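Engineer: Here it is: the structure, laid out below.
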Amino acid sequence: MSMVLTASLGHIRRRIAAAGPGRDVRLVAVSKLKPADAVIALADQGQRHFGENYVQEGVAKIAAAGRADLVWHLIGPLQSNKCALAARHFDWVETIDRIKLLPLLANARPPERGALNVLVQVNVDAEATKAGAAPDDALALCDAVAGYPALALRGLMAIPDPAASPQARARSFATMRALFETAVRRYSPIDTLSMGMSDDFEEAIRAGATEVRIGSLLFGPRSP
Ligand SMILES: *Cc1c(COP(=O)(O)O)cnc(C)c1O
């Protein structure tokens, strides 16, 4: 771990609390491309939620970490042929971007694990290379999730364009918050707006995020 570029868990928790006073903002520690040892080190400090981008890497790490008290979020793009594996091993899937994934996840979810928590991913800046539903289609996707008892709709997720200007990023966060508020009015159990990463998590929290996903700030830079 690079001691120069990483911040301690406690320091990040204090920054999260300061950006959203009185709110309970969930920290998902993004452990992609980092070993299970790094997960266990943070878990020993009380961190519970972890995020992985790649289904197979995540499944292997869940097994290697071997801790039943951790909660695992899939935050990377999901291919149809990985849905069954994801539904069996993860607790959350944050990247629902098309209806086709829903029956594949629902049918593979082991009943004894309870409903799989899902977020609809919104491609808020309409980036050609990024997954996610168009903002106008997100609520229809939420409607579709509600038809599967094996899936629990928990909210929305977005990754704003990292190259956008600060003003454009603020607009993207505001668009997501408005969409989230509409979704909350429509589907009462919704409680999660997942946005904000190492470089912008405080701004995301001030804009209404209830969950931030932080990787490099906690674990150090990832090798390309
Ligand atoms: C990698 C990743 C993160 C964490 O990014 P950092 O900048 O390292 O904090 C968050 N969300 C998603 C979807 C990611 O792929």
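All of the numbers you see were taken from the coordinates with simple rules; none came from a lab. The model shown is predicted, which means the values in this text are computed figures rather than measured ones. In this analysis, Cβ positions are derived from the backbone assuming ideal geometry, glycine residues included, and neighbour counts consider all displayed protein chains.
Engineer: Provide, as a two-decimal number, the C-alpha radius of gyration of the stretch 143-199 over 2.2 N^0.38 Å, N being how many residues it has. Provide the component values of the computation, followed by the final result.
Structural biologist: On the way: Rg = 13.3 Å, N = 57, 2.2 N^0.38 = 10.2 Å.
So the Cα radius of gyration is 1.30 times the expected 2.2 N^0.38 Å.
Engineer: Out of every Cα pair in the chain, what percent are spaced more than 33 Å from each other? Don't skip to the end; give the middle numbers.
Structural biologist: Numbers: 2756 of 24976 pairs.
Roughly 11 percent, rounded to a whole number.
Engineer: Oh, and also: Given only helices, namely DSSP H runs of n ≥ 4 each adding -39500 (n - 2.57), what is the per-residue ellipticity at 222 nm of the chain, to the nearest 500 deg cm²/dmol? Kindly include the intermediate steps, with their values, before the conclusion.
Structural biologist: Numbers: 9 runs with 87 residues, N = 224.
-11500 deg cm²/dmol, from helical runs alone.
Engineer: List the residues, sorted by chain then number, that are 5 or more residues from residue 157 or on another chain and whose placed amide H is less than 5 Å from its amide H.
Structural biologist: 120, 121, 122, 194
Engineer: By how many nm would the segment from residue 71 to residue 56 lengthen if fully extended, with 0.36 nm per residue of separation less the alpha-carbon distance?
Structural biologist: Using 0.36 nm per residue and subtracting the Cα-Cα distance, I get 3.8 nm.
Engineer: If you don't mind, there's one more thing I want to ask. Taking R0 as 41 Å, what's the FRET efficiency between residue 126 and residue 37 from their Cβ-Cβ distance, rounded to 0.05?
Structural biologist: The pair residue 126/residue 37 has a calculated efficiency of 0.55.
Engineer: Which links in 34/61; 32/100; 32/61; 61/100 stretch past 21 Å when you go from one Cα to the other?
Structural biologist: On the way: 34/61 9 Å; 32/100 26 Å; 32/61 9 Å; 61/100 27 Å.
Pairs exceeding 21 Å: 32/100; 61/100.
Engineer: With a cut-off of 8 Å between alpha carbons and a minimum separation of six or more residues, what is the relative contact order of the stretch 35-87 in percent?
Structural biologist: Values: 48 pairs, mean separation 22.4, N = 53.
The value is 42 percent.
Engineer: Right, next: Rounded, prolate or oblate for the stretch 66-173? Axes are the square roots of the Cα gyration tensor eigenvalues, ordered a ≥ b ≥ c, and the cut-off for rounded is a/c under 1.5. Don't jump to the answer; show the numbers that get you there.
Structural biologist: Values: a/c = 2.22, a/b = 1.69, b/c = 1.31.
Prolate.
Engineer: Can you give me the Rg/Rh ratio for the stretch 101-142, using Cα atoms for both radii and the Kirkwood formula for Rh?
Structural biologist: Working: Rg = 13.0 Å, Rh = 11.9 Å.
On the Cα set of the stretch 101-142, Rg over Rh gives 1.09.
Engineer: Let me ask another. What is the extension gain from residue 184 to residue 146, computed as 0.36 nm multiplied by their sequence separation minus the C-alpha to C-alpha distance, in nm to one decimal?
Structural biologist: On the way: separation 38, 0.36 × 38 = 13.68 nm, distance 1.31 nm.
Answer, rounded to one decimal: 12.4 nm.
Engineer: Report the Cα centroid-to-centroid distance between the stretch 159-195 and the stretch 86-102 in angstrom, as an integer.
Structural biologist: Distance between centres, Cα-based: 20 Å.
Engineer: Using r as the Cβ-Cβ distance of residue 108 and residue 137, and R0 as 35 Å, what FRET efficiency do you calculate, to the nearest 0.05?
Structural biologist: Details: r = 24 Å, r/R0 = 0.69.
Once rounded, the FRET efficiency stands at 0.90.
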